[in-house]
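What follows is a set of notes on a single structure, which appears directly below.
Every number here is computed from the coordinates shown, using simple stated rules; none is lab data. Note that the structure is a prediction, hence the values are computed from the model and not measured. A quick note on method: Cβ atoms are made from the backbone with ideal geometry, for glycine too, and the neighbour counts reach across all protein chains shown.
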Amino acid sequence: MPVPERGDPVVVELGPGTGPFTAEIQRRIGGRGRHLAVEINPRLAGHLGARYPGVELVVDNAARLPELLAGRGVAAADVIVSGLPWAAFPPAHQADLLRAVVASLAPEGAFTTFSYVHARALPAALRFRRRLGEAFEEVVAGRTVWRNLPPAFVYHARRPRR
C-alpha cells in the first residue's frame, strides 16, 4: 500500500466495509494528513466509524468521489485504496468508478486495489485490467497471497492519465 512516509498525505479508501485495510492505513499515516473512507452501506459505515474514530467517514457512492472531496476542501488524493469488487460491476459502473478515481488523484498519485485469483479470467475482470492500463501510465500486479481465502493479488497503478 503506497502511503507516503513523510508529509501530510491525503489517503482515500473506497468500500472499506468492515475495515480490513483501514487499520493498516491508519497505522501508516500515523496521525498525519487525512484518511477519508467512502462507504455506500450505512450499517457498515456506522461500524467502521465506531471502530476508527480518526477516519473521516463519508456515506455515499464512490462514483461521486470528485464532488465528495471538493466538498471537504480536498483538491486531490495522494493515494486511493479500493476494496470494491470491480469484477462484480457492470461495464458502465466500472467505467464511472474508474473515471472518478482518475479525476480525484494527484498527478503523481497512486491507486491500489485487489482482485481474487479465481475471478482473474472473468470478462469483467479482464475488462477492468484493460481499463486500468488505459487510465494509468503504470500498472503492476503484485504477488498472489495464497494464505488469503480466497487467494488474492493487488494491482498498483500510478500516474493517472488525463
Seminar exercise, completed: The alpha-carbon center of region 94-162 and that of region 1-58 are separated, in whole Å, by 19
For this session: Determine, for each peptide in 78-84, 45-51, the mean count of other beta carbons within 10 angstrom over its residues, then list the peptides with the highest first.
Result: 78-84, 45-51
Exercise. Applying the Karplus parametrisation 6.51 cos²θ - 1.76 cosθ + 1.60 with θ = phi - 60° to the phi angles of region 125-142, what ³J(HN,Hα) value in whole Hz is obtained for each residue in order, glycine and proline being reported as x?
Worked result: 5, 5, 5, 4, 4, 4, 5, 4, x, 6, 8, 10, 5, 9, 9, 10, 8, x
Seminar exercise, completed: Which residues qualify? For residue 21, with a placed amide H closer than 5 Å and at least 5 residues away or on another chain, they are none
Seminar exercise, completed: Note: residue 96 to residue 32 extended length (0.36 nm per residue) minus current alpha-carbon separation gives 20.0 nm
For this session: Quick one: which residues, 5 or more positions from residue 10 or on another chain, have an amide H under 5 Å from its amide H? H modelled 1.01 Å from N in the peptide plane, none for Pro or chain starts.
Result: 34, 78, 79
Exercise. Okay, helix-only estimate at 222 nm for the chain: each DSSP H run of n ≥ 4 adds -39500 (n - 2.57), divide by all residues, round to 500 deg cm²/dmol; what do you get?
Worked result: -9500 deg cm²/dmol
Exercise. Whole-Hz Karplus ³J(HN,Hα) for region 4-14, in order, using 6.51 cos²θ - 1.76 cosθ + 1.60 and θ = phi - 60°, x for Gly and Pro?
Worked result: x, 7, 10, x, 10, x, 9, 10, 10, 10, 9
Exercise. Roughly what % of DSSP beta bridges within the chain run antiparallel, to the nearest 5?
Worked result: 40
Exercise. How large is ³J(HN,Hα), in whole Hz, for each residue of region 89-105 in order, when computed from phi with the Karplus curve 6.51 cos²θ - 1.76 cosθ + 1.60 and θ = phi - 60°, using x for Gly and Pro?
Worked result: 8, x, x, 5, 5, 4, 5, 4, 5, 5, 4, 5, 4, 4, 5, 9, 8
Problem set entry | Neighbour-count order for 60, 8, fewest beta carbons within 10 angstrom listed first | 8, 60
Exercise. Two-decimal Rg/Rh of region 10-160 from alpha-carbon positions, Kirkwood Rh?
Worked result: 0.94
